[in-house]
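What follows is calculated from the coordinates using simple rules that are stated; it is not laboratory data. This one's a predicted model, so the numbers in the text were calculated from it and none came from an experiment. Because the Cβ atoms are built from the backbone with ideal geometry, glycine has one as well, and the counts that use them run over all protein chains shown.
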Amino acid sequence: MQAADQRPDKALARRSFEHAAAGYDEVAVLQQEVAQRLLQRLDLMKLQPRRVLDLGCGTGQCIPGLMSRYRAADVVALDIAMPMLSRARRRGRWLRKPRCVCADAERLPFADACFDLVFSNLMLQWCTDLERVFAELQRVLHPGGLLLFTSFGPDTLGELRDSWAQVDGYNHVNAFEDMHDVGDALLKARFAAPVMDVERITVTYPDVWRLMRELKHIGAHNVTAGRPRGLTGKRHMQGLVQAYERFRRDGVLPASYEIVNGHAWGTETSDTVSLSIDQLRRV
Ligand SMILES: C[S@@+](CC[C@H](N)C(=O)[O-])C[C@H]1O[C@@H](n2cnc3c(N)ncnc32)[C@H](O)[C@@H]1O
């Protein structure tokens, strides 16, 4: 599990995504690719959900894919950043609109067992307390319902992390949970049959400035509690540019992403035990 200073600062992450909403779709190329791959995984599952939750829906890029797969389902789009949700509400010309809810994944405003499918693309890594999110998802999932998600793993942006380490001792890159820790958190929340795997995707950039700009426009720049405060000086940035050049291959700079894929099934979580009157007499 992450150290306290490596956990995301939730208020900062929310503000960062609020600011990013307007330009998100233009730069979220990796997020779109991962979303399509995650949606395709649904085609391998036999499901007929009545209620679907898109957790951390952003601008709603996954909603058409969810609605077209489950035409009879009621789709709920949830995000902590209101400007993201406003875009999700307006997106496309869908036959039916999603119900949009602005809330924190760690405190879901829903009744117990009200969803048959929770879908979440590249959102969980921004949560401060993953165990709490999974406990909430277990609560709102119907027993036998499916949780399907992606998140970033610790090798994500490894080149950027290594390059900053040459420059100073601060956390400049968000820390991400290992696949095994995510699986353990699922088991702790009493999910059944968790399945985890990782995929690696490399995106290339002409220079570090372009990478840094895109991370900022997506809202995914450093939001860890232990981040350096104040502006990053020119000398530091020059140090970063120089250190990152070690990774240049074929004229471009790579940025690696480790995509953690997971799915698991909701279980009966009630602590109520039913006993017959004869069983009680024997106690
Ligand atoms: C990288 S974007 C992914 C958006 C969308 N799932 C997609 O595939 O494009 C992460 C989203 O998670 C939202 N988010 C971050 N922390 C959250 C939290 N604690 N509760 C709900 N949403 C959150 C952000 O506002 C942002 O819209």
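One decimal place: the segment Glu106-Gln32 gains 24.2 nm when fully extended, by the rule 0.36 nm per residue minus the C-alpha distance. Treating the angle as unsigned and between 0 and 90°, give the value, to the nearest 10°, between the Cα long axis of helix 130-140 and the longest Cα principal axis of the chain. Roughly 30 degrees, rounded to the nearest 10. Between Lys216 and Glu245, full extension at 0.36 nm per residue minus the direct alpha carbon distance yields a gain of 8.4 nm.
Computed from the C-beta positions of Val252 and Met82, the FRET efficiency with R₀ = 35 Å rounds to 0.45. Of all the options Ser86, Ser68, Ser16, the one that moves most in a Gaussian network model of the chain with Cα springs shorter than 10 angstrom is Ser68. Beta bridges assigned by DSSP with both partners in the range 4-268 are antiparallel in approximately 55 percent of cases. Can you figure out the FRET efficiency of Glu268 with Asp197, using R₀ = 30 Å and their beta-carbon distance, to the nearest 0.05? Calculated value: 0.65.
The angle between the Cα long axis of helix 29-42 and the main principal axis of the chain comes to about 20°, on a 0 to 90 degree scale. Here the spin labels are modelled as points 7 Å beyond Cα on the Cα-Cβ line, and at Lys46 and Arg15 they lie 5.1 nm apart. Working from label points 7 Å from Cα in the Cα-to-Cβ sense, the His180 to Ala165 distance is 1.9 nm.
Springs between Cα atoms under 10 Å define the GNM used for the chain, and in it the highest mean-square fluctuation of Gly262, Gly169, Gly65 occurs at Gly169.
In terms of overall dimensions, the C-alpha atoms belonging to the chain reach 77, 50, 33 Å along their principal axes, ordered largest to smallest. Which angle between 0 and 90 degrees, to the nearest 10, do you get for helix 158-167 versus the longest principal axis of the chain when only C-alpha atoms count? It is inclined by approximately 50 degrees. Comparing Trp209, Trp126, Trp265 in a Gaussian network model of the chain (Cα springs below 10 Å), the most mobile by mean-square fluctuation is Trp209.
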